[in-house]
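Comments concern the structure below.
The values are calculated or read from the model by the stated rules, or taken from the named source; none is laboratory data. Here the structure is a predicted model, which means the values were calculated and not measured. Cβ placement follows ideal geometry from the backbone for every residue including glycine, while neighbour counts extend to all protein chains displayed. These area figures cover heavy atoms from the full protein model, side chains too; ligands, DNA and RNA do not enter into them. Shrake-Rupley method; radii C 1.70, N 1.55, O 1.52, S 1.80 Å.
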Amino acid sequence: MTPNSRTGAGRGGLATLLCGALAAGGLAAAGVTALEPEAASASSHREAPLISGTPQYDNTDLYAFVSPDKPDTTTIIANWIPFEEPAGGPNFFTFAEDAQYDIHIDNNGDAQGELLFRYTFRTHTKNDKTFLYNTGPVTALDDPDLNITQTYDIELLKLKDQRAVSRTKIADDVPVAPSNVGKASMPDYDTLRKQAVHELAGGATTFAGQADDPFFLDLRVFDLLYGGNLSEVGNDTLKGYNVNSLALQVPTDMIAESAEQPVVGIWSTTQRKNAEGHFVQVSRLGNPLVNEVVNPLKDKDTFNASGPWDDAQFLKNVTEPELPKLIEAIYRIPAPDEPRDDLVDVFLKGVEGLNQPPHVTPSEMLRLNTSIEPAAEPKRLGVLDGDNAGFPNGRRLTDDVIDAALQVVEGELVGAKNDLGDAVDANDKEFGAAFPYLANPTEGSRGPLAKGVDGGNDVRNQLGDALRPAGAEGSGDTALIAASAGAGAGGLLLIGAALMWWRRMRGRAY
């Protein structure tokens, strides 16, 4: 947390919008009374006790934005499985087969889903007599050397009062991009990524597979809020880790209620099959950080199992948040007065005049006004910096949600101007300009090479060089082959001698 992490022209955008809304209609008080039976939150990496033990089902982040290169479409990205160590084999990272990965759309502001995109996965093993994920260099998704593969289906459910009124399969047996094992196994990962982008009927596009974790922040916030003295900031502690991503790009008119009501609310969930064979919701995510730093321990698992229409039970966590009190105790920065109706307005209802649907039922989800054109030059603080195409109007990959949320929680919108942040302002990898926009996953072969290897492109040559003792003199492959042949001959002589000794011993009388 630093006091000087940016600013810029137009920075008062969200404050201006919110102050206007407050002046126009006493929105804060109305928001609280209208909350019943709804209220607050979202999740992130290992944010709740139960889900932290089952990473395959753990939502990490949710993004939704108007596609910058196709502004008549909306892109939704949902991530699972936090902290994937790229070299974490031999069982690399797959989606769970006993799970339903769901993306929910509320297109009328009633806190109920009207549309649901459901992803389900199947795993295929070519050879179960090896421990290898791949048995040679993989050059295509249908490469025989890719031993473990996954495919998925997508169903589109139309809902009324959370009951399905229609169900359509819109994708069948689509291949998943594999885990990026390393340069020897996946010499051209970008080709594999492109082969996993699949166009659907009706103008939608889908992708599922591993990606670089796009969330950037300094997780040492949990060490007494950046070390208790701001000594632990400025390090993107998610750098080098991957996640499993679902990316879906759909024509905006497919999810919005109408051109006159273009605001959609979006959240993702995971349902897992229990011992009785029933699917039970175990994870939920809308806005970033809510279940992580807004809900206390006693509410985290309950939140993950709940729906936005039941959010009233968490309202007090928003109106009387713990985080500003901790900051005041450690850093002597006064916490804004409670109740925090400004947080209710921004995060539970949407900003009036920007992304608040008419007759909104306050609830926790990511709200996006799909009629806002993409910004030519996105600003990392989004609406707070005058860029209405960014967070909290949806969430782009480049949005610095840590700094934006921290400044709002510390009272940016109620007169306590501040520039607080964690000094991590961007992802370590650049995002793509076209769908799925995510950066490729970090490869398992990252890190220093063996001594004497120059990092060239010939994988087999690198392996050969690595087998040579560091600093060895000689004629390269010839010396290595000769040494191997000699060792093999010596081994055969030893085995022969051992057999002769054993036969003589069997013939002795004791």
Let me know the Rg and Dmax you get for region 70-202 when you use only its Cα atoms, in Å.
17.4, 53
Run the reach check for K129 against aspartates and glutamates, Cα to Cα strictly under 17 Å, same-chain hits fewer than 8 apart removed. What comes back?
D145
Can you compute 3J(HN,Hα) from phi for each residue in region 283-298, using the Karplus curve 6.51 cos²θ - 1.76 cosθ + 1.60 with θ = phi - 60°, rounded to whole Hz and x for Gly and Pro?
8, 8, 8, x, 5, x, 6, 5, 6, 7, 10, 9, 7, x, 3, 5
Region 290-387: trypsin sites (Lys or Arg not before Pro) in DSSP coil with no more than 11 other Cβ atoms inside 10 Å:
R332
In region 79-101, which residues have a backbone nitrogen under 14 Å from the label point lying 7 Å from D428's Cα in the Cα-to-Cβ direction?
83-87
How much of the accessible area of region 55-410, in percent, comes from carbon and sulfur atoms when a 1.4 Å probe is used?
51 percent
Averaging over every viewing direction, what projected area does the convex hull of the Cα atoms of region 172-300 cover, in nm²?
13.4 nm²
At K273 and D337, where each label point lies 7 Å from the Cα along Cα→Cβ, what is the point-to-point distance in nanometres?
5.6 nm
Taking a quarter of the surface of the convex hull around the Cα atoms of region 55-410, what do you get in nm²?
19.0 nm²
Can you give me the pair-distance distribution of region 149-196, C-alpha pairs, 5 Å bins, whole percents?
5, 18, 17, 15, 11, 10, 9, 7, 5, 3, 0
